[in-house]
Amino acid sequence: MSNLPISAELIAEANARELDALEDDYASLGRKLERAGIGIDAVKDRVAGFSVAIPTWGAGRGGTRFAKFPIAGEPTNIHEKLEDCAVINQLSCLTPRVSPHFPWDKVSDYKALREEAASLGLGFDAVNSNTFQDQPGQAQTYATGSLSSTVAATRQQAVEHNIECIEIGRQLGSTDLTVWVGDGTNFPGQQDLARSLDRYLEAAAQVYAALPGDWRMLLEHKMFEPAFYSTVISDWGSSILAAQELGPKAKCLVDLGHHAPNVNIEQIVARLHRFGKLGGFHFNDSKYGDDDLDSGSINPHQLFLVFNELVEAELNPRDGFNPSYMIDQSHNVTDPIESMISSAEAIGQCFAKALLVDREALHLAQEANDTMMAYQALRRAYNVDVSPILAKARLEAGGAIDALGVYRESRWRDRKAQERKAVGLGAGIV
Ligand code: PSV
Ligand code: MN
């Protein structure tokens, strides 16, 4: 049974008002692309097949170490989060899967949760384990590490939690386990840098051994925070080495914010792909560090260059190339639904622009060392306003031409503010 949250009439009425302008813009862009030998409908069809997962934890207002400022009508449990995620997908038609985090999203009946999600038009993406926080009643603390802890019982507890996540994920229909550990140190000498990696690898291998045949284990690296001197899986180098040691089902996950400023992330993407280890992404944007800002809000060109590598990778597939795409950002000052609608659009736009690159011209220029023309091949695609392509794909999928506009018109958040209980104050990086 379908249980979509936004009224179909509201969407249809809004689309009727926007339709003429969209058809005009789409036809005009179609003529422009035709002159470059590109059929706009083929690009639109590729965009229609593109999707990016959204995190359940992104449906709530994020926070920093200093504070969290909740808004009225925020979701307070997994059921309300799913409802909000369904709004995002219904209007944008880009986000049909949700990535849950445990134990944050724990329920007693996962079969029922899967059905509930399906009735909202959603499926489940990667399950995320959490060994970076202690839970009430937990036997061992993660204060000084989890999978890499010096304490055997703590490592065991972290392994068991990850295996429990796999079991939950199996019931939800997931096929990926994303493992990010907050393990690391704040002081030189605090832990042995080599031995902590040994302990991590040994514990991670136990999790790996519990993966069902068609599952992947996605290793997420992060250079700092909560540990500020060293982290155990600090960078793509540590990540690929760990993935290679664990085996073929272990891949690397690139969270865009988890690098030093100005690092060439698109090159990391190309490198990971070269060795068959590119497993997926957490999209967000940053100015200074792991700022968790909205995707494409600071450096949309970098996002485009990442997608340019992904389109190249698609043309030269290696070893099961099938990266999982997900948003992972913290919405501290916006309505999370609006941020994720806008971010999914930004991500889809970069994918569409990467499809527009004249690959033949690019490769010829690269071979001939014609630097300017190689650069211009990218530039020409980046400069195209592809929004009519995304809007047309949304329209055809039953979404809203102006997704943000319809969301505001639906007064969803105001209505939820009447129904949902208030979220408590507090702090917390999510
Ligand atoms: C860590 O900063 C991270 O990027 C990981 O993906 C976590 O699971 C997520 O954020 C939520 O805190
Ligand atoms: Mn992440």
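A few notes on this one:
- Taking the criterion of being surrounded by fewer than 22 Cβ atoms within 10 Å (Cβ to Cβ) and in contact with a Ser or Thr (Cβ under 6 Å, 6 or more places away or on another chain), the only residue of the range 294-321 that qualifies is ASP294.
- Taken over the range 234-261, the criterion of being farther than 27 Å from GLY213 by Cβ and charged (D, E, K, R) is satisfied by ASP235 alone.
- Matching option when the condition is free of Cβ contacts under 8 Å to residues at least 60 places away in the same chain and under 22 Å from TYR200 (Cβ atoms), among LEU303, LEU241, LEU293: LEU241
- Flag if GLY405 is in contact with a Ser or Thr (Cβ under 8 Å, 6 or more places away or on another chain) and either surrounded by 14 or more Cβ atoms within 10 Å (Cβ to Cβ) or touching a residue at least 60 places away in the same chain (Cβ under 8 Å) (or both): no
- The set of residues in the range 96-109 that are away from ligand 2 (no atom under 16 Å from the Cβ) and crowded, with 24+ Cβ neighbours inside 10 Å is empty.
- No other residue among LEU362, LEU356, LEU378 is aliphatic (A, V, I, L, M) and within 20 Å of TYR26 (Cβ to Cβ) apart from LEU356.
- Among residues of the range 253-266 that are more than 16 Å from ligand 2 (Cβ to nearest atom), those with a Cβ under 8 angstrom from a residue that is outside any loop (DSSP other than H, G, I, E, B) and among the β-branched types (Val, Ile, Thr), sequence gap 6+ or separate chain, pair up as GLU266/VAL306.
- A residue that is in contact with a Lys or Arg (Cβ under 6 Å, 6 or more places away or on another chain), within 16 Å of ligand 2 (Cβ to nearest atom) and not in a helix (DSSP H, G or I) occurs somewhere in the range 125-133.
A quick yes/no check of all residues on (1) closer than 19 Å to ILE389 by Cβ; (2) in contact with a strand residue (DSSP E or B) (Cβ under 7 Å, 6 or more places away or on another chain); (3) crowded, with 18+ Cβ neighbours inside 10 Å:
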| site | (1), (2), (3) |
| --- | --- |
| SER2 | no, no, no |
| ALA8 | no, no, no |
| ALA12 | no, no, no |
| ASP20 | yes, no, no |
| ASP24 | yes, no, no |
| GLY30 | yes, no, yes |
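- The range 165-181 residues that are small (Gly, Ala, Ser), paired with ones that are within 11 Å of ligand 1 (Cβ to nearest atom) (beta carbon under 7 Å, 6 or more apart): GLY169/VAL127; SER174/ALA126; SER174/VAL127
- Search result, residues across the range 269-286 that are away from ligand 1 (no atom under 16 Å from the Cβ) and either in contact with a Gly (Cβ under 7 Å, 6 or more places away or on another chain) or over 19 Å from SER51 (Cα atoms) (or both): ALA270, ARG271, LEU272, HIS273, ARG274, PHE275, GLY276, LYS277
- Members of the range 1-23 found to be without any contact (Cβ under 8 Å) to a residue 60 or more places away in the chain and of a type in the set (D, E, K, R), listed by number: GLU9, GLU13, ARG17, ASP20, GLU23
- Yes/no for ALA346 being of a type outside the set (S, T, N, Q), within 24 Å of PRO261 (Cα to Cα) and either within 16 Å of ligand 2 (Cβ to nearest atom) or modelled with pLDDT of 95 or more (or both): yes
- Selection of the range 396-425 for residues being assigned to a helix (DSSP H, G or I) and in contact with a Leu (Cβ under 7 Å, 6 or more places away or on another chain) yields ALA403, VAL406, TYR407, GLU409, SER410.
- The listed residues are ALA117, ALA112, ALA158, ALA143, and the only one of them that is loosely packed, with under 13 Cβ neighbours inside 10 Å, out of contact with any Pro (no Cβ under 6 Å at 6 or more places or on another chain) and either touching a residue at least 12 places away in the same chain (Cβ under 8 Å) or farther than 30 Å from ALA86 by Cβ (or both) turns out to be ALA143.
- Residue match in the range 367-374 (condition: surrounded by 14 or more Cβ atoms within 10 Å (Cβ to Cβ) and under 22 Å from LEU10 (Cα atoms)): no
The values are calculated or read from the model by the stated rules, or taken from the named source; none is laboratory data. The structure presented is a predicted model; accordingly, all values stated were derived computationally and were not measured. So basically every Cβ, Gly included, is an ideal-geometry build from the backbone, and we count neighbours across all protein chains shown.
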